[in-house]
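Some notes on the structure that comes next.
The values are calculated or read from the model by the stated rules, or taken from the named source; none is laboratory data. As the structure is a prediction and not an experimental result, all values here were calculated from the model. Positions of Cβ are generated from backbone atoms using ideal geometry, with glycine treated the same way; all protein chains shown enter the neighbour counts.
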Amino acid sequence: MQILTIKGVEEAVNECVRSTPQHGNSLSPDATALAEIYGFMIYSKAVTIDFTSFVEKGIYGEQHLNAIEKYYSLANS
């Protein structure tokens with residue numbers, strides 16, 4: 001089980017945006033994946049989520065998992 005906090009996801013988005021180039025007017029694929037998680041948390045007013053259960057249910061995929069693994073711990077260490 002991997003519990004993510006909204007503050008942690010926000011910091012991961014910011015870290016990703018700072019460290020990866022944009023694609024024209026779009027965010028990088030990793031930043032987009034993190035922003036999708038962050039947007040869901042805002043919309044559902046969730047302070048934390050069990051990220052593992054979302055992956056197991058197929059709600060979030062490989063891109064989301066890779067982005068979390070890359071940037072969540074970097075931003076929250």
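Looking at this structure, is Leu74 touching a residue at least 60 places away in the same chain (Cβ under 8 Å) and more than 11 Å from the chain's Cα centre (by Cα)?
So Leu74 passes the test.
If we keep just the residues of region 22-41 that are of a type outside the set (S, T, N, Q) and assigned to a loop (DSSP other than H, G, I, E, B), which is surrounded by the fewest Cβ atoms within 10 Å (Cβ to Cβ)?
Filtering first and then ranking leaves Gly24.
Take the residues in region 42-67 that are assigned to a helix (DSSP H, G or I) and aliphatic (A, V, I, L, M), then tell me which one is modelled with the highest pLDDT.
Ile42
Are there any pairs with C-beta distances below 9 angstrom linking a residue in region 1-29 that is over 14 Å from Asn66 (Cβ atoms) to a residue that is in a helix (DSSP H, G or I) and among the polar types (S, T, N, Q), with the two at least 6 apart or on different chains, and if so which?
Qualifying pairs under 9 Å: Met1/Thr52; Met1/Ser53; Ile3/Thr52; Ser26/Thr32.
What pairs come up if the first residue lies in region 30-48 and is among the charged types (D, E, K, R), the second is surrounded by 17 or more Cβ atoms within 10 Å (Cβ to Cβ) and not in a helix (DSSP H, G or I), and their beta carbons are under 8 Å apart, counting only those six or more places apart or on different chains?
Partner pairs satisfying both residue conditions: Glu36/Tyr60.
Across region 42-77, which residue is farthest from Glu11 (Cα to Cα) among those that are buried (at least 18 other Cβ atoms within 10 Å of the Cβ) and touching a Gly at 6+ places or on another chain (Cβ under 8 Å)?
For region 42-77, the residue satisfying everything is Tyr72.
Restricting attention to region 20-35, does a residue exist that is among the β-branched types (Val, Ile, Thr), at pLDDT below 90 and out of contact with any Leu (no Cβ under 8 Å at 6 or more places or on another chain)?
Yes.
Scan Glu62, Glu56, Glu36, Glu69 and give me the residue that is acidic (Asp, Glu) and in contact with a helix residue (DSSP H, G or I) (Cβ under 8 Å, 6 or more places away or on another chain).
Glu36
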